[in-house]
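The next block holds one structure in the form of structure tokens; read it before the comments.
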Amino acid sequence: MPRGKRALIQSTPQSSTALVARNKGWLPDRRDPSKSKRPRRDEEDGTPLPDEILLHIFAGFPEIADLVRCAATCRRWRRLVSGEAAFIISSRRHPGRFVPLLALGFFFHHNQQAAAAPRFVPMASVSRRFPTLPSPLLDSSSRVVASRNGLVVVDLWRGGGGEHRRALKLCVCNPMTGEAHALPPLTGKDGLGQYACTVLTADDRLATTDPSPPSSYRLLLVYSRRGFTAFRSYSDDGGGGGGWSPEAKVTGAQIVKKHMGIMRNGVVAPGGREAYWLAKDVVFALRLDTMEASVMRLPRSRSRQCRFGWLVRDNTTLLGFTPEGRLCTIQLDIRLRSLTTFQLCVSLNIHTYRSHSHGGGNEDELWETEDEMIRIESFSMDDNVLTLKLRWFCERSGIVLFTADRWLCGNRRIELYAFSIHTRKLEKVVSNGDGSGNDPWGNLYGYEMDQAAYLTSLAEPEREKNML
């Protein structure tokens, strides 16, 4: 039975809904296999297996790279992989490895220009796959508050005073498909002030038997009430229907109000059982079935123990998950490359979390002591670099976004880089050279498409029709 279509926010200049979704989204025009006039003999692949059997075989592949190679084999397999991407992804039970091509860029809201609309900056490598990638229309009354697995959560700025300041209206959208869903507002006694959020998607349930459709999601909110930390969620069934859960009281631990506003980079454990947020030097962990929370300290940063720690004194840690499904932290590390030349090198230290049962009360033992160190060989560390800051970790693609504040020719220039943990490749994304010294990337949210959208993008381009 076909699913009902989710209502789209109308793209009118007068819209107050913050996000104006383009009808077709970012996916380029692709051929609809059901409307193709090409004879099936043109798709002959020498395989007597019917489409249904091939699809189940494709769904059993452990790596997305295997599916990409299948799509490149022949027209029939390309049609099946791209046209049935939602079925293949929802049937897979293998999280796989990092897929760098999922990362597309980042959203940001300039801290110094509160009235400016959020913008999207694509990575340079994306232009080869999406040459006409447009910037989504976001008005000046909105701000991005979460981004995970192809979905972006937008908060509509609350104006006025009194109880209106605590009213919350959120919008969840998929820029790849152009779908957007405005959630029912939380007002009155349900209103809230500072909060942290993240979104749980179908990609988080790959290792489970959850039959939810690929377009379903669950938005998670944690916020402060007098004397306790509260939680509620919004669940969407993938067809536009859903609703807010009742408010629940979090037990075991709580986050003080002043830390609630700085909690970012919320991540969800594989299977959707636990959610984690980073707040200063602690990780706030929440069991979603029992509402039991715990707080754990971050592993010690080696950069803080060396004489060059001042270079990375802020924004030193990011939170995420490894492809194997283990919670991890990523920290900057600056060391001497050579004692004779006094050259510095930049590395990323990856600490993986064990479990509370291994720690024995010592928080330092909760993290693996033999962490992975990845040296960023292609980054030039010289005397012109004032500070380095980690900005975002794209969980599915393994892309780390970081900035370097440089002093060049009498001007301060803040450059943003994307580094792939998987391929060890470094890409310079953008440079802010206005010389003001203002940091434009203080509110940055990386964006990577979901796996189903990636497979759909492999379909035969519409423009190839006239070439047949």
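Residues in the range 188-205 carry Karplus couplings, in order, of x, 5, 8, x, 8, x, 5, 8, 10, 8, 7, 10, 9, 10, 4, 5, 6, 10 Hz; the curve used is 6.51 cos²θ - 1.76 cosθ + 1.60 with θ = phi - 60°, and Gly or Pro positions show x.
In this simple spin-label model, placing a label point 7 Å from the Cα along the Cα-to-Cβ direction at both SER140 and ASP66 gives a separation of 5.3 nm. Computed from the Cβ-Cβ distance with R0 of 45 Å, the FRET efficiency linking ASP382 to LYS249 stands at 0.30. SER91 contributes an accessible area of around 40 Å² to the protein surface, as traced by a 1.4 Å probe with all chains present. Full extension of the chain between ARG129 and ILE262 gives 44.4 nm of extra length, using 0.36 nm per residue less the Cα-Cα distance. Most tightly packed first, judged by the mean number of other beta-carbon atoms within 10 Å of their residues, the peptides 180-193, 317-330, 77-90 read 77-90, 317-330, 180-193.
Holding the Cα-Cα limit at 31 Å, pick out from LYS189/LYS258; LYS258/LYS389; LYS169/LYS280; LYS257/LYS425; LYS189/LYS389 the pairs that are longer than that. Over 31 Å Cα-Cα: LYS257/LYS425; LYS189/LYS389. Quick check for you: which residues of the range 66-97 have the amide N under 16 Å from the point 7 Å beyond the Cα of ILE53 toward its beta carbon? What the label zone holds, given the 16 Å backbone N cut-off, is 77. Sorted largest first by accessible area at a 1.4 angstrom probe radius, with every protein chain in place, the residues LEU388, LEU133 fall in the order LEU133, LEU388. Shown in residue order for the range 117-129 are the 3J(HN,Hα) couplings computed by the Karplus curve 6.51 cos²θ - 1.76 cosθ + 1.60 at θ = phi - 60°: 7, x, 10, 10, 10, x, 6, 4, 5, 6, 4, 6, 8 Hz (x for Gly and Pro).
The values are calculated or read from the model by the stated rules, or taken from the named source; none is laboratory data. All values derive from a computational prediction rather than experimental measurement. Glycine gets a Cβ as well: all are built from the backbone with ideal geometry, and neighbour counts include every protein chain shown. Accessible surface areas use protein heavy atoms only, side chains included; no ligands, DNA or RNA. Shrake-Rupley method; radii C 1.70, N 1.55, O 1.52, S 1.80 Å.
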